[in-house]
Amino acid sequence: MKERNQIIPSILLIFLELISIVFYGVFTEYQVDANILVQNESVHIYQQYGLFQDIHVMMFIGFGFLMTFLKKYWFSALGMNFWLAALTLQWYILVSGFWHCVLDNDWSQKIQVHIDSFINGDFGAASILICFGALLGKVSFNQMTLIALVQLVFYALNEALAFLWFKITDIGGSMIIHTFGAYFGLTVSFFITNKKTLTKCADIQGSNYTSDLFSMIGTIFLWMYWPSFNGAMATTDARERVIFHTVISLTNSCLFAFIFSRLVNPDEKFDMIHIQNATLAGGVAIGAVANLPIFSYSAMIIGAFAGIVSVLGFKFLLPWIERKFGLHDTCGVHNLHAMPGVIGGICSAIAAAKADTATYGEQLSNYFPLVASGARTSVEQGSYQILCLFVSIGMAIGGGMVAALLVKIFTVEQKEYFQDILSWEGAEGYIPIKKKMENPQEEEKVMRKIEEQGAVGGRHHKPSLLFLPSMLGELKNMSPTKLRSDPLLNRLAGDKKEQALQALQEMVNLGSKILSPTIGSGGTVDFDKKQQNENLFTIGPEEKMAEGEKEMTHIKDK
């Protein structure tokens, strides 16, 4: 039945792509640099293609791996990231071209396609992926596709308003990309997240040692290529300034993220969540002013402040918001993108209010043309920067509400969160706790198949000592309520069920003693850490075997 339920969405997606092909054929054309009928020796493609590929790496590898921190959601994090980035890159050109025609009131020309179109398409993809970060693990493929298409319409409109009407500067997208994407995702999350389902799946939401390591790969890729993200659309004379300001801001956000991560931790240890995210906050905050002559010390202050705010947000603000308002933010985009984006918007207003010919010279018209022409004062330009920040937040919240409404009307609510196994063939992990089937014969058939195959989705798992540490880790991470709800255990009589539960607990304790160097720190054992350490360092192999045989005999008797 599940497979048939996907036929209609698949047909709609095929129809969507057919529309895309028709629209590209009817409404787009080559820009002059790519037109074979025009003899042109432009070097623009050579200047931009390397930067375009850098940003491509950020979208498909950086954002993708950054979201793999959920221990049971790797396939979905990378797969849906891939899908959303490709979908947005393609449709952005059409949607953005439409809004430019509307706001310019000029329908005489077709949409020009060139290398800068794809760079801007990647910027649009970044905003959608930021939104995805707030919803990670809580939305299905179909739901996120619908959300992305709705967001793209509002994103392109907001971008066109910012640059065509408000005439603001935001070279790195602090307001247009980061703040907008974060608040759009948070709004959708607020309206569609089921609190009961979230509570039920809380045990599998977290990360483990391996997933955090892979997530750190995404962080490092983003950190390395962020100067290209901020500088891709800068003029040639400003590009070196953008790179310098972005790098120095990123270094300071990285340093202060490490410093404050240990300061706010009662155990005086680093928190990987802070290092994965707050180290990037300087790149977000500096984006709105990276091309302006703000000098190195200003970039360092912005980076340090963004890093500190991000760490404090993850440590204190994120849990408070969830506790107080019920707003769940899976990736913490409010702390990495929303707040640093607001910082960048405020900094751009200050920089614009101080803009004059003494600082910019003849280049003032390239950054603030209305100030250079006398149509606005510097203070008025700063006011427009702030206005654009509030418009971006307001449009993100309004658009998020529209997207959430459409999701509730046209899609099926997710019953389980944070699990690849619900959507991906071959995914390993936690088997969802299903409600008792109405048909007892059907339930018996399913249970017999599980017993005979010993597999999930038809994939056999042969017993091996290599799987023992991970199996024990899974048992330790299961809450008593979840363990008692296991369908196989529920088939046992009451007294035998209790004996089986007790035997499982003793097996976990025994395995933890014998394999303590192998088992990660994700779970909790009943014996205290002191006793565990004593067993680890004082019990020799022979004593372990003797103790193990004795306890296993006891368990076998039960």
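Read-outs: derived from the displayed coordinates by stated rules, not from any lab. Quick caveat: nothing in here was measured; it's all calculated off a predicted structure. So basically every Cβ, Gly included, is an ideal-geometry build from the backbone, and we count neighbours across all protein chains shown.
Would you order D170, D212, D106, D203 from fewest to most other beta-carbon atoms within 10 Å of each residue's own beta-carbon? Working shown, then result.
Values: D170 28, D212 17, D106 9, D203 14.
So the ranking, lowest neighbour count to highest, is D106, D203, D212, D170.
Rounded to the nearest Å, what's the spacing between the alpha carbon centres of segment 108-183 and segment 319-373? Just the number, please.
Comparing the Cα centres of segment 108-183 and segment 319-373, I get a distance of 16 Å.
What number comes out for the charge environment of N35, summing +1 per Lys or Arg and -1 per Asp or Glu over other residues with Cβ under 14 Å away? If you can, show how the numbers build up before the last one.
Numbers: positive: K110; negative: E29, D33, E41.
Surrounding charge for N35 is -2.
Amide H neighbours of L327 under 5 Å, counting only residues 5+ apart in sequence or on other chains, H built in-plane at 1.01 Å?
So L327 has HN proximity to E322.
Applying the Karplus parametrisation 6.51 cos²θ - 1.76 cosθ + 1.60 with θ = phi - 60° to the phi angles of segment 216-228, what ³J(HN,Hα) value in whole Hz is obtained for each residue in order, glycine and proline being reported as x?
Each residue of segment 216-228 in turn: 5, 4, x, 4, 5, 4, 4, 4, 5, 9, 4, x, 5 Hz.
Spelling out what I want: for every residue of segment 332-349, take phi, set θ = phi - 60°, compute 6.51 cos²θ - 1.76 cosθ + 1.60 (Karplus), and round to whole Hz; glycine and proline get x.
Per-residue couplings from phi come out as x, 5, 5, 8, 8, 10, 5, 5, x, x, 5, 4, x, x, 5, 4, 5, 5 Hz.
Label points 7 Å out from Cα along the Cβ direction at L103 and Y297: separation in nm?
Here the answer is 3.7 nm between the modelled labels.
Taking H as built 1.01 Å from N, whose amide H comes closer than 5 Å to the amide H of T28, not counting residues under 5 places away?
Amide H neighbours of T28: I111.
Apply the Karplus parameterisation 6.51 cos²θ - 1.76 cosθ + 1.60, with θ equal to phi minus 60°, to every residue of segment 68-78 and state each ³J(HN,Hα) to the nearest whole Hz, in sequence, with x for glycine and proline.
Karplus-based 3J(HN,Hα) across segment 68-78 equals 7, 5, 6, 5, 10, 9, 5, 4, 5, 4, 6 Hz.
Note down the net charge around G173, summing +1 for each Lys or Arg and -1 for each Asp or Glu among other residues with Cβ under 11 Å from its Cβ.
Details: positive: none; negative: D122, E159, D170.
My count for the surroundings of G173 gives -3.
Normalised by the number of residues in segment 2-421, what is the relative contact order in percent for Cα pairs under 8 Å and 6+ residues apart?
Values: 699 pairs, mean separation 95.7, N = 420.
This gives 23 percent for segment 2-421.
Can you tell me the length gained on complete extension of the stretch D267 to F325, counting 0.36 nm per residue apart and subtracting the Cα distance?
On the way: separation 58, 0.36 × 58 = 20.88 nm, distance 2.83 nm.
Here the segment from D267 to F325 would lengthen by 18.1 nm.
Among V153, V311, V22, which comes first, then next, by fewest other beta-carbon atoms within 10 Å?
Working: V153 16, V311 30, V22 10.
Starting with the residue having the fewest Cβ neighbours, the order is V22, V153, V311.
What's the ranking of 51-58, 120-127, 140-147 by average number of surrounding C-beta atoms within 10 Å, highest first? Don't skip to the answer; put the middle values down first.
Numbers: 51-58: 19.5, 120-127: 25.1, 140-147: 21.2.
Final packing ranking: 120-127, 140-147, 51-58.
As an exercise, use a Förster radius of 25 Å and the Cβ-Cβ distance of T210 and S423 to find the FRET efficiency, rounded to the nearest 0.05.
Details: r = 21 Å, r/R0 = 0.82.
Once the sixth-power term is evaluated, E becomes 0.75.
What is the spin-label model distance, in nm, from T357 to I19 if the labels are put 7 Å beyond Cα along the C-beta direction?
The modelled label-to-label distance comes out at 5.1 nm.
When S378, S96, S42 are ordered from fewest to most other Cβ atoms inside 10 Å of their Cβ, what list results?
On the way: S378 16, S96 21, S42 13.
The fewest-first ordering by Cβ neighbours comes to S42, S378, S96.
Given points 7 Å out from each Cα along the Cα-Cβ axis, report the I350 to V402 separation in nanometres with one decimal.
3.5
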